[in-house]
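Novice: This structure is in structure tokens; I'll ask about it shortly.
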């Protein structure tokens, strides 16, 4: 069974919740924990977001395509170099990388002009790549 098939099966079980004593959230939790185990090599922030996307798909809040896009974007190794357009994982703030510090942290400027420092796992490269 593929991972996608397992998530589809959990989603189907979730839909049957009225017949399973309203244990729908149990199936979302199983999917979340399964994703935590399978994506254990991801940084904690990204792993948590993958688990959240998985649970939301199983609960019927996200479409499968959206869940797949979220998981794929979070699993993509971020090669953040100066000039790369980035966004926070939730997409609430966008900007451009200014420099990478010796310890690996990223100095970036938001579109509003604020200069911030972040861990690379807290940012995702935007489509289109460079500013």
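Novice: Taking only the stretch 53-86 into account, find how many residues are surrounded by 14 or more Cβ atoms within 10 Å (Cβ to Cβ) and farther than 20 Å from residue 119 by Cα.
Specialist: Here the count works out to 10.
Novice: I would also like to ask the following. Residues of the stretch 40-55 being part of a helix (DSSP H, G or I) and in contact (Cβ under 8 Å) with a residue 24 or more places away in the chain, which ones?
Specialist: Hits for the stretch 40-55 are 44, 45, 46, 49, 50, 54, 55.
No lab work stands behind these numbers, since they all come straight from the coordinates. Small disclaimer: the values here were computed from a predicted structure and weren't measured. Cβ atoms come from the backbone with ideal geometry, glycine included; neighbour counts cover every protein chain shown.
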